[in-house]
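Novice: Before I ask anything, let me first share the structure, which is written out below as structure tokens.
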Amino acid sequence: MKIIIVGCGKVGTTLAEQLNNENHDITIIDKNGDALNSITERIDVMGVVGNGAVYKVQMEAGIEDTDLLIATTNSDELNMLCCLIAKKAGNCHTIARIRNPEYNSEIGYIRDELGLSMAINPEMAAAMEISRLLRFPSAIKIDTFAKGRIEILKFIVPENSILHTMKVREVLHKLHCNVLICAIERGQDVIIPSGNAEMMSGDKISFIAPTAECNKFFKQAGIDNNVIETAMFVGGGRITYYVAKLLENTKIQVKIIEQNLERCNELSELLPNAMIIHGDGSDQELLLQEGIHQTEAFASLTGFDEENIMLSLYAASISRAKLITKVNKIAFEDVINSMNLGSVIYPKMITADSILQYVRAMQNSMGSNVETLYKIVANRVEALEFKVANEPAIVGIPLEKMKLKDNLLVAYINRKGHFISPRGKDTLEPGDRVIIVTTITGLNDLKDILK
């Protein structure tokens, strides 16, 4: 597909890299010629210097034969204008990044009136992930399917766990839990496990289950999943605001440490139930005074990766808090993953995944297209949700008789709200929603699971 990206900031660059890897024809528009040059020298994309909201610039970028325009500049209003012009000039699909909390309550109206295919809010998406993590403290990553009724959770197998040396096929009858182990990370290796695969202490395990089964699994496996009642956030930016709003009707007491006095006053008005502390979140004495020892969750959400990493490492050294660390740059992901940072949140990756999901669905709108997509192990393992169309090669054939690609797992079937953990005799039927977990990246259609 031909795709134009307006804005080559962190999100725009990440998108360009991922979409280029999937062999799309990418053009980037940005006012900063130097930034554009550094991207076009590194990856195979076209660059156009100029204002993406100007008709002439969009025409130069080839808007007339473009399938999708994605506006990811730092200005919500500019992004909306880019999409409006693209819709008129090229009649293409449009996606706008809209971040301002003031627009959040009106996002449906804005999307309909401007004809946007999608409006994405990276901070809100990150906040929703954080709020889910606070619900399941033992998990380090949570992704949801079937409108929140099915979840993939990732956790680390603790020392002396009952799961140590347990085979994947033994989980059902030993723990009496209807969960499916769908990925095992051991050091640099990632395994889509067979029934005979063994879990070991220190492994990162991803499992899929209905929401009600997740708590049961943690309990049966002897893994603490205590309810969180106190949470401390360092940094009072948009993500912190959205998380605090999402937690307003829960029992979690929120404490926010913010250095900017004006922002503290804003947050005090916007979040009457939260405690707002004016101070430097990297001040060790302040953190001790505010009870970092006792807090049950600690999230470092400042605008600086280095500060967030150091704060989480410090919190890990003096408390047993559930840790959440925001990281914007992903260049040193292997190093970051080796540190004790708890759940690492990459807002731009969450955004890129959502847009990639839409692009995959666009590519095959007639078949069994992608409805949900998550990268559960960076760029190495994907979990995808498809709606099953009436395809003779797929429908009505027992899974044990299908010639499926290697390193691929049919993880769950949702049949009219009834969830099936698939076995060899199960079949896929029209209208089913099926979740596939695989190390084969780039699946667009359900038929792609076949050899």
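Novice: Between rounded, prolate and oblate, where does segment 1-60 land on the alpha carbon gyration tensor, with a ≥ b ≥ c its root eigenvalues, rounded for a/c under 1.5, else prolate if a/b exceeds b/c?
Specialist: Values: a/c = 1.84, a/b = 1.31, b/c = 1.40.
The shape class here is oblate.
Novice: Rounded if a/c is under 1.5, else prolate if a/b beats b/c, else oblate: with a ≥ b ≥ c from the C-alpha gyration tensor eigenvalues square-rooted, which is segment 148-227?
Specialist: Judged from the Cα gyration tensor, segment 148-227 comes out rounded (a/c under 1.5).
Novice: Of SER300, SER138, SER338, which has the most accessible area with a 1.4 Å probe, and how do the rest follow in descending order?
Specialist: SER338, SER138, SER300
Novice: Which pairs break 31 Å Cα to Cα here: LYS167/LYS425; LYS31/LYS141; LYS31/LYS245?
Specialist: LYS31/LYS141; LYS31/LYS245
Novice: Would you please put 437-446, 403-412, 258-267 in order of how densely packed they are, using the mean number of other Cβ atoms within 10 angstrom per residue and starting with the highest?
Specialist: So the order, starting with the most tightly packed, is 437-446, 403-412, 258-267.
Novice: Next question, about the same structure. Thinking of the chain as a set of Cα atoms, what percent of all their pairs are more than 33 Å apart?
Specialist: Distances greater than 33 Å cover 40 percent of the Cα pairs.
Novice: Which of the pairs LYS87/LYS375; LYS88/LYS348; LYS10/LYS375; LYS147/LYS174 have their Cα atoms more than 22 Å apart in this structure? Don't jump to the answer; show the numbers that get you there.
Specialist: Working: LYS87/LYS375 30 Å; LYS88/LYS348 28 Å; LYS10/LYS375 18 Å; LYS147/LYS174 30 Å.
Over 22 Å apart, Cα to Cα: LYS87/LYS375; LYS88/LYS348; LYS147/LYS174.
Novice: Could you put THR372, THR325 in order of accessible surface area, largest first, with the 1.4 Å probe and the full protein assembly present?
Specialist: Greatest to least solvent exposure: THR372, THR325.
Novice: In nm, give the distance between the simple-model label positions of LYS216 and MET402, each being 7 Å from the Cα along the Cα-to-Cβ direction.
Specialist: Roughly 2.5 nm, to one decimal.
Novice: Counting DSSP beta bridges in the chain, what percent are antiparallel, to the nearest 5?
Specialist: Just about 50 percent of them are antiparallel.
Novice: Another question, if that's okay. Quick one: accessible area per residue over the chain, 1.4 Å probe, rounded to a whole number of Å²?
Specialist: 45
Novice: Next up: Multiply the residue gap between MET59 and ASN91 by 0.36 nm, knock off their C-alpha separation, and tell me the result in nm, one decimal place.
Specialist: 10.3 nm
Novice: For segment 83-126, what % of the accessible area comes from carbon and sulfur atoms, probe 1.4 Å? Mind dumping the intermediate values first?
Specialist: Numbers: 900 of 2050 Å².
That fraction is 44 percent.
Novice: If you don't mind, there's one more thing I want to ask. For segment 336-401, which whole-number percentage of the solvent-accessible area (1.4 Å probe, protein heavy atoms only) is attributable to carbon and sulfur atoms?
Specialist: Details: 1210 of 2460 Å².
Roughly 49 percent, rounded to a whole number.
Novice: Per q in 0.20 Å⁻¹, report the Debye log10 I(q)/I(0) for segment 245-382, using one uniform scatterer on each alpha carbon and no solvent.
Specialist: -1.22
Novice: Going highest first, how would you order 394-402, 63-71 by mean Cβ packing within 10 Å?
Specialist: The packing order, highest mean first, is 63-71, 394-402.
Novice: What do you reckon, how do ARG415, ARG99, ARG320 stack up by accessible area (1.4 Å probe), largest on top?
Specialist: Putting ARG415, ARG99, ARG320 in descending order of accessible area: ARG320, ARG415, ARG99.
Novice: Residues of segment 244-259 with the amide nitrogen closer than 15 Å to a label point 7 Å from the Cα of SER268, along Cα-to-Cβ, please.
Specialist: Residues 256-259 qualify, since their backbone N sits under 15 Å from the label point.
Novice: Here is a further query. Got a sec to turn the phi values of segment 377-391 into Karplus ³J(HN,Hα) couplings, 6.51 cos²θ - 1.76 cosθ + 1.60 with θ = phi - 60°, whole Hz, x for Gly and Pro?
Specialist: Rounded to whole hertz, the list is 9, 6, 9, 10, 9, 10, 10, 10, 10, 10, 9, 7, 8, 7, 10.
Novice: How far apart, in nanometres, would the label points at LYS416 and ASN260 be if each is projected 7 angstrom from Cα along the Cα-to-Cβ direction?
Specialist: Between LYS416 and ASN260, the label points sit 5.3 nm apart.
Novice: Hey, what do the phi angles of segment 230-247 turn into as Karplus ³J(HN,Hα) couplings, whole Hz, using 6.51/-1.76/1.60 and θ = phi - 60°, x for Gly and Pro?
Specialist: 10, 9, 10, 10, 9, x, x, x, 5, 4, 4, 4, 5, 4, 4, 5, 5, 8
Novice: Determine, from the Cβ-Cβ distance of PHE304 and LYS251 and an R0 of 30 Å, the FRET efficiency 1/(1 + (r/R0)^6), rounded to the nearest 0.05.
Specialist: 0.45
The values are calculated or read from the model by the stated rules, or taken from the named source; none is laboratory data. In this text the structure is predicted, and so the values were computed from the model without any measurement. Neighbour counts are summed over all protein chains in view; Cβ atoms, including those assigned to glycine, are modelled from backbone coordinates with ideal geometry. SASA here: full protein model, heavy atoms, side chains in, ligands and nucleic acids out. Shrake-Rupley method; radii C 1.70, N 1.55, O 1.52, S 1.80 Å.
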